[in-house]
Each structure stands twice: as C-alpha cells, then as structure tokens.
Protein chains: 2
Amino acid sequence: MGHEGAPPGPGGEKRSAQHEGAPVKAALLEALAAAVGPAQVLTEGDLSAWEVDWRKRYRGRALAVVRPATTAEVAAVLRACAAHGTAVVPQGGNTGLVGASVPDASGTQVLVSLARLNRVRAVDAANLTLTAEAGCVLQAVQEAAAAQDLLFPLSLAAEGSCTIGGNLATNAGGTQVLRYGNARELCLGLEVVTPAGEIWDGLAGLRKDNTGYALRDLYIGAEGTLGVITAATLKLCPQPAARMTALASCADLEAATRLLQLAHARLGPGLTGFEVMGDLALTLVARHFPQLRRPLAPDPAAPWTVLVEQSDSEGEAHARGLFEGLLEAALESGLIADAAVAESVAQSKAMWHLREAIPLAQAEEGANVKHDIALPVSRVAAFVAATDTLLQRAFPGVRLVNFGHLGDGNLHYNVQAPDGVAAADFLREHEHAVNTIVYDAVGRFGGSISAEHGIGALKRDELAARKSPVALALMRDIKRALDPDGRMNPGRVL
Amino acid sequence: MGHEGAPPGPGGEKRSAQHEGAPVKAALLEALAAAVGPAQVLTEGDLSAWEVDWRKRYRGRALAVVRPATTAEVAAVLRACAAHGTAVVPQGGNTGLVGASVPDASGTQVLVSLARLNRVRAVDAANLTLTAEAGCVLQAVQEAAAAQDLLFPLSLAAEGSCTIGGNLATNAGGTQVLRYGNARELCLGLEVVTPAGEIWDGLAGLRKDNTGYALRDLYIGAEGTLGVITAATLKLCPQPAARMTALASCADLEAATRLLQLAHARLGPGLTGFEVMGDLALTLVARHFPQLRRPLAPDPAAPWTVLVEQSDSEGEAHARGLFEGLLEAALESGLIADAAVAESVAQSKAMWHLREAIPLAQAEEGANVKHDIALPVSRVAAFVAATDTLLQRAFPGVRLVNFGHLGDGNLHYNVQAPDGVAAADFLREHEHAVNTIVYDAVGRFGGSISAEHGIGALKRDELAARKSPVALALMRDIKRALDPDGRMNPGRVL
C-alpha cells in the first residue's frame, strides 16, 4: 500500500520543479528562513531522515524541512505556510507505523520537525505534573519524572526515540494502559499552534476543568491533521516501591482471559501489565534470537504465554506475597499450567525482552501482514478462534503470529506466509484479502481496526470504508471547521 | 443572574402565544406526537419539574416537554425539531448547578427529557464494562455494577437523582476523581443523536481505539450543545475489599497539601478520597445540623479538617495497617494535629455526611456566592491565602466557607455575607465584585472558573470574558460545524 515517490533528489534544483512556481516557492522559503533562521530550513542534501518513514514504507519529498526551536517559531512557520497556501506535515521522532509523519511525494509540503522543541519546561511534584515540549523524547520525560522520584507511566518500544508530541498526536498506547490509560489519559493540558499560526495556550495542570469543549482531546489522536502540538502538561504518579514480573502458560486464550480477571480482582490497581504471546510468536523469537532464554519450556498443552506485571506501592515482600498468591491460585484452579517469577530486575527485563523481540523476530522471518486491533477483552478468545479458522481455510498453512496487550484487548494479530512460501509473494498476492477477512471479523466482534498505531496514510481507505458514515461525516465537519484549507497533514486520517 | 420568565401558564392556550405562528407550532406538536406518542408530549399543566432548575435560579417555559423512550424516538424528535427549526434542550435528572438543562423563557424550545431511556443494556464483567442509557440514574448504574461485584466509581451528592447522560454531558467530577478520573475517563463509548436526528453508534467497549477524532470526548462536557447523548459504555473496576476513612486536622492548607503528597506516596492508587473542610464550613454544619457528631473537637491551632479515604484490594487488616501507618507518620512529622479513624461503615458514612452537609448548612445560613474552582494542587494554599486577604480587604468581616476536593485541586470557595449583614443584600450589592476578585485570582494562579459544574447559562459570560480568545474561537468553529443552525441548547456554554 505504500506510495512510492521518486527517490529524493540530491539538490535544490530538482526540488523546485514542482507545480508551485519557482518565485512563489522562493518567497515561501524566504519567509520560512525569516521565521526560524536560514540554517534551519533544509532543502538540499540527504533529507531521508525526515522524508522516509521508520518502516521504509513511505518515501516522500518535502518542499523543505523546517526545524523551529520555539513555539513562537512554529507559529511563524505556520503563518508563512498559511500565507502561501502550503501544506504542513508535523513530525516528532518519525517512529510512527502508519505513514502519518512523512511528506508525500509531491515536493509541495513543508515538513515541520518538532525535534528542537525539546525542553522539559517544568516539573511540579506537589501537583504531580510535568510540562514538556513536543520534541522531548519519551525516555527523557520518563527520566525527568524519575529524577523527582515520580513516574511517567507511558511506555512503549520506541521510547528511546519517539517524542511526546508524537505520542499525543497518535494517542499512543503501550504496555501500561490497563492501569494508567493511553497518552490521552496522561495529558492534562496542551499548547497547540493552529493552521493559521495562532497559539492556543491550554497548558493547564488541572485535574478538573469544565470550561467548554474538549479541545485537548480533539488534538490528541488527530495525527497532526488539525494543528501542531507544541507542548503538553502531563500527569505523573508516585513511583511504585516494587515491581514483580512473571510468565505463565495457559491452555488457551479463554484461560488467559480468566487469569486476567483473577489478576484484576486480586491485585486491583497493582496490575500494571498483562501481555499475551502465542506459541508461534515465541518460536520465531527462539529461531532468530536463540540467545534469549525462554524461562518456560514450550508446552504443547499450554501454548499461550502470559506476561503479568505488578507494581506495588509498599515494597518487595508485600508484592511477592500478593503476586505468588495470585499465581498459586491460578495454578490450583487450572488456569495456568506453569509459571516463572522473575527473581531480579535482570530477569524481569529478560521477560519483557522476549515480548519485545517478537516484532523483530517477525521481521527476520519475512514481511507479514500486520494488524493492530482492539476488541472487548471478553471477545478476544472467540475472535481469534473464528478468525484463525477463516484464515486457515482461505490460506492453508498460513502462520498466525499473535501477541499483544491482552489486558487492553489489543492484539497484534499478524499473518505470516505459510512455511515455504516467499513472504513477498504472499503479501503481494494476498495482503488485501487477508485484511478483508481480519477487519470484517473485527467489525463483527465490535472491535477497532487501529488500537494504538493510528490511521495515517496506511489505514485511511480502511477507515473510510469501515467507520460509521455518521462518525465520518462528523469528523469531516470538524476537519473543515479547524483546517478549512485542508493544509494540515493532508491525506492522513480522512 | 438567573433570568426570570413569566410563571408557567396553566394550559395550552397561553403557551401558543409565542413568536412561532400557531399553525407552525401545531405541525411541530403533531410531528412530536408522531415520534413519541401523544401521551409523551406535555404542553399543559404544571411542568415546573422540567422548567425550573434544582436551585430554582432558572425558570423557563418550554414549547413542549417531550419524553422519548428509545434512541430511535430521540432521533425522530430531533428530526422533527430540525424540520421546524426548533431549539432543543436535553435534560437528564435536572440536578445541574449552572442552568444548563432548563428551557429559556421564550416558550419556543422543546425540552427533551431522557428520563425514560433508563435501561442498563448490558454488563460485560470480563470486559469490565457496562452499557447504560442516558436516563439511568447514577445510583442505578452503581448498583448494576455492584450486583456483579464490580465498582462504577463515579460518586457525587446527587447520585440518587442525577442521570448518567447528564453526568457525561457535564463531565461530572465528584469525590473519587483523584483515583478514577472524571466522568470522561470513565466512559469508553457513546451513542449520540445529532441535531439533524442522525444516530452515531459509538458504543465501543474498547480500551484502545485510535480510529480518528475523539468524538466521544467532544460530546462529553458539551452540555448538550452539540447533540444528545442517549447511551454510554462505561468502565468498571474491581470492588475494593475494604475501605478506610479518617478525619485529620491540619494547621494550614500547606500542611494539608503535604499530607496529600504523603498519602499519594504511601497509599499509591489506594488513595481514593482526599477532601478538605475549613473551620467555618464545619462551624456552619454544627450550627444548622447539631445532631451530626464532629469526631475531632474544633482546634484553633488546626482549623483545617481533611477527610482521607483509602480503598484496598486485599482486606480490612491490610488496609488498616497501611492507613494507620500513614496517619502515624503524619502525626510524628507534625503534618496533622489529630486524627480519627472510622471503626465501622456507619462511622465512615458519618464522616462523609459531615462533608456533604456543608452546602446544606450554607443554604440554611443564607444565600452565598458560590465558586467551583480548580487550581494546580501545588498552588491551592497560596491562592487561598492571597484571595482571602483580597476579599477581607474589600468586604471586611466577609465569611469564607471553603471546602472541596483538595486531591483534585478543586475548591468550593464560597463567600458568605459578614455576620449581621443580610445575605440577600450582600449578594445583590456585591456578587459581581466578589466574582471578579475570585476569578481574577483564579486566572493569576493558573486555575479554572469551573472545575466540575460546567458553564451552562450561569458562567457563560465569565467564560466569554476569561477563556483564551483562541480557545473560544476554536469552540465556536466546532459549534458551528456540528450544530450549524445553533439549535442545540442555545445560550449555554457559548
């Protein structure tokens, strides 16, 4: 589905051969240079760091890459683009998975990188808030909170390079959602630059604020199509005193779901992680990363492995008592066949590493059809049973690599070519049909075709085809109201 | 500020003497009767239950009170109103505090009561969700959850008569927000009827769903100005195994704020309530409700009383150990002067009753200028010190009745006439000046003029004067986009 632009040209000469006339473009570039300084308006050389997405599925070409360092500079850039009727593509860490933050191939879009807006503006420990600029790397936000012995709980694989602005623009999920919510629930206030270049300072650090429409929530998850997030006030939590991690094996997804219910009941808000991994997912990890130890031996009678994490506000001994009590009860009642509790931080990290290695192992195994779907937790097992059957019937021998955040009903339900079939051939021939089977089933089970990755360019057509027409019409009304010229990240989401 | 319409007329005759011509009105009434049945279109007799707000500050007159029983009937009503260009005022339990759910005095608005949409459609225990219609009374939702040994944590004084639709339309807060969030955070999906009478079925029970703009969040807190919420899918939690409640006395609000930090650190997510009550607030309770026992004797050296609530997922003994440890540490470090722990459910209820009796005691004492404000928790003490001084300087002897949800930074900072001054006179002469002092200070301290009650008609002018012009313009753009004829609850919010 990736659109393929011409490879990025080497210099400015080629870049001006666009549908915009050269004098108009020169005036825009001059205005941009006036806004941010000439050194921060990039038009020449290798711009692939901004123009090619992380998965290398989208290769675009920007009219210019502009790197403002302050909110005022972002506003000046957006005013310049507004004056010239130019489209704007905001970009954070460029780690997105749906092609939402690279320019298209037209060479007419200005890419606004927020990477230089990277200050933590304030930490207010007594208010449990932190205010960070959009370009702050997620890990830097986590570290700034930890320096005050506080926790910013958003956590995902790309945390070393994704930015908080991107996290909010995509309403990022990750591994702690069942306890702390998505990025949306972790944000109290935003600063946003509108398409016209006005600054909305909505950086309140308030737990309650009922003064009109939820503008904050509208920009969160809008993928840069309504405005540019430049800063956010984020919720912090007390650091847990202790964390426990375990792997447990289950006979089926129904047992895993019942284990989740038991964990909710026994650990209450102490339950902070509940991941699931199918046997094939761990088999691929073992094949491609044999150095990673698998604490539980593969057991054909218990092919599903669950990773349970508990965070405890009291301490190690209390945590261990609760955690082992949960696992013993689960063993006794037959919900799990076996369990291994991490005895050290290193062992805990190794368990998480197994989980995080799955997408990498899949990539080593060959291209596959990825799905980031959500379902009511109560329907996950039935969905997987029904959809596995449909796919096996349509594509005998197809390999279903299934893992994800069961605690949130979020599966990465990925479809890999049968053994012996070339991955590229399978994708080329069957990707569309696979998507149709999976997304049709998602619809029947009351689920979502994008749980945490967003829509971007990748799922735009699926959204148009599958979202309720009433919802789509409302979304288009909002888009028209807040971005009347359609210049904000065009071609994404809607 | 309340506008005073003529008292409701006794019959249909007077009601048709409006600016709409009688034939037009007759056609609309006919269409409404076709939509819901003639018995559910009320135009005669005493309609004050719908036309007068709970505080009796707003007295309006409806063209008709319409009582649909299903979402399809709501849609038919809204289509009829759209066809006749008629304004619609949605109403739940009519317990709001800002005049957002009664018609104006024009006699041209159709009041749509959601009270008959009162079914709990489903409880999905494994998904920790419940789907309820808008007219469900909050307490009925709590009870439906409890019947499955689950908790719906939204809790507020009006829970016996307010409805979940109204709770969502106003993004209700209450006493459990510091742990569970506002109504917004407790809602996963909505069903909404648009001004044109279309039904958006967004009733997903999904923890993650990144498929476009946050329509759900836009309708939540919009006070019926964008559409009519007809049903919602709500988040449930495990029931706590035990609850502890205590009162503690503090020398000042700074000590109370430091106690809050200590409670966060020691109880983690077990901290579910943290209320504060000023000495004068409890003095008024003692004066007007002498039968209510005050467990802590008044102490001039510690005039602030805090109510702390802990919810525990393990049990009574564990809860008590943690809770008493917190209070002992606070006593030792001098954060609190004294404390009383409830030894029974009855004692716990009595403590909450003291807190809940404050507004009633204030009403007995005489009319007062009420404020529902939010501040960063870290700035509450400084705000109160500064604003108390300003008010005392402007109105010597003025009595500041201050209480609220300190855990959320939400104060009900109410201003009562000096002893010996008639309340009505004080209000008539000084309400505006008091508001100006308080709201100016709220602005300087980064706060909100409406924490949990909303804007309605009461604070519409303040909002227009005080909200950022950029935010107001964005809100007006959204209103125009989703309600182009301005027929949804006109004169409220914007």
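For chain B, what's the relative contact order in percent, using C-alpha pairs closer than 8 Å and at least 6 residues apart?
With pairs under 8 Å counted, the relative contact order is 14 percent.
If you take the square roots of the eigenvalues of the alpha-carbon gyration tensor of segment A:202-291 and sort them as a ≥ b ≥ c, do you get rounded (a/c under 1.5), prolate (a/b over b/c) or oblate? Cα axes put segment A:202-291 in the prolate bin.
Using a Förster distance of 30 angstrom, determine the FRET efficiency expected from the C-beta separation of residue B:48 and residue B:363, and round it to 0.05.
Numbers: r = 20 Å, r/R0 = 0.65.
Here the calculated transfer efficiency is 0.95.
When Lys and Arg each count +1 and Asp and Glu each count -1, what net charge do the other residues less than 11 Å away from residue B:385, Cβ to Cβ, add up to? Charge balance in the 11 Å sphere: -2.
Rounded, prolate or oblate, given the Cα gyration tensor of segment A:267-372, with a/c below 1.5 counting as rounded? Please report the intermediate quantities before stating the final value.
Working: a/c = 2.05, a/b = 1.71, b/c = 1.20.
It is prolate, given that a/c is not under 1.5 and a/b is the larger ratio.
Taking Cβ atoms as reference points and 14 Å as the exclusive limit, the residues near residue A:316 contribute a net charge of -2, counting Lys and Arg as +1 and Asp and Glu as -1. Taking amide hydrogens as placed 1.01 Å from N in the peptide plane, the amide H of residue A:203 sits under 5 Å from those of A:190, each at least 5 positions away in sequence or on another chain.
Summing Lys, Arg as +1 and Asp, Glu as -1, what charge do residues with Cβ under 14 Å from the Cβ of residue A:329 carry, residue A:329 excluded?
On the way: positive: A:258, A:266; negative: A:324, A:328, A:332, B:314.
Here the charged neighbours net out to -2.
How much FRET efficiency would the formula 1/(1 + (r/R0)^6) give for residue B:431 and residue A:72, where r is the Cβ-Cβ distance and R0 is 41 Å, rounded to 0.05?
Numbers: r = 40 Å, r/R0 = 0.96.
Efficiency for this residue pair is about 0.55.
For the listed residue pairs A:208/B:467; A:467/B:235; A:56/A:459; B:25/B:459; A:56/A:370; A:467/B:479, the alpha carbons are over 21 angstrom apart in A:467/B:235; B:25/B:459; A:467/B:479. As an equivalent ellipsoid, segment B:355-494 spans semi-axes of 29, 18, 14 angstrom, where each value is the square root of five times an eigenvalue of the C-alpha gyration tensor, largest first.
Hey, what's the Cα Rg ratio for segment B:327-417 versus the globular rule of thumb, 2.2 N^0.38 Å?
Ratio of Cα Rg to 2.2 N^0.38 Å: 1.28.
Sorting A:412, A:84 on solvent-accessible area from highest to lowest, probe radius 1.4 Å, gives A:84, A:412. Below 8 Å between Cα atoms, with a sequence gap of 6+, how large is the relative contact order for segment B:391-494 in percent? Across segment B:391-494, relative contact order equals 18 percent. When both segment B:55-101 and segment B:271-302 are represented by their alpha-carbon centers, they are found 40 Å apart. Threshold 10 Å², probe 1.4 Å: give the residues of segment B:302-340, in number order, that are less accessible with all protein chains present than with their chain alone. When all protein chains are present, B:313, B:314, B:318, B:322 each give up 10 Å² or more of accessible surface. Note that chain A carries a Kirkwood radius of 23.8 Å, evaluated over its alpha carbons pair by pair.
Interface B/A, total buried accessible area with a 1.4 Å probe, nearest 100 Å²? Each step should come with its number before you reach the end.
Details: alone 20520 and 20530 Å², together 34760 Å².
Interface area, both chains combined: 6300 Å², rounded to the nearest 100.
For residue A:149 and residue A:356, the FRET efficiency from 1/(1 + (r/R0)^6), where r spans their Cβ atoms and R0 equals 22 Å, is about 0.25. Label-to-label distance, residue A:461 versus residue B:480, with points set 7 angstrom from Cα along the beta-carbon direction: 3.5 nm.
A crude spin-label estimate for the pair residue B:139 and residue A:297, with each label 7 Å from Cα along the Cβ direction, gives 6.0 nm.
What fraction of the Cα pairs in segment A:16-140, stated in percent, has a spacing above 27 angstrom? Walk me through the intermediate numbers first.
Numbers: 1651 of 7750 pairs.
So the pairs more than 27 Å apart make up 21 percent of the total in segment A:16-140.
Think of a 1.4 Å ball rolled over the protein heavy atoms: the protein assembly as shown then has 35 Å² of accessible area per residue. Each peptide in A:95-107, B:242-254, B:342-354 was scored by the mean count of other Cβ atoms within 10 Å over its residues; highest first, the order is A:95-107, B:242-254, B:342-354.
Which whole number of Å³ per residue matches the convex hull of the alpha-carbon atoms in the protein assembly as shown?
Numbers: hull volume 171.5 nm³, N = 988.
Looking at the protein assembly as shown, the number lands at 174 Å³ per residue.
Potential lengthening of the chain between residue A:424 and residue A:386 amounts to 11.1 nm, from the contour at 0.36 nm per residue minus the alpha-carbon distance. Short to long, the 5 Å bins of the Cα pair-distance histogram for segment B:379-461 hold 3, 13, 25, 26, 19, 12, 2 percent of all pairs.
Given an 8 Å cut-off on Cα distances and at least 6 residues of separation, report the relative contact order of segment B:62-124 as a percent.
Relative contact order for segment B:62-124 comes out at 49 percent.
To the nearest 500 deg cm²/dmol, what mean residue ellipticity at 222 nm is calculated for chain B from DSSP H runs of n ≥ 4 alone, each contributing -39,500 (n - 2.57), summed and divided by the residues?
On the way: 16 runs with 181 residues, N = 494.
My calculation for chain B gives -11000 deg cm²/dmol from helical runs alone.
The values are calculated or read from the model by the stated rules, or taken from the named source; none is laboratory data. Quick caveat, the model's predicted, so the values are computed rather than measured. No Cβ is skipped: glycine too gets one built from the backbone with ideal geometry, and neighbour counts run over all protein chains shown. Accessible surface is based on the protein model in full, side chains and every heavy atom, while ligands, DNA and RNA are left aside. Shrake-Rupley method; radii C 1.70, N 1.55, O 1.52, S 1.80 Å.
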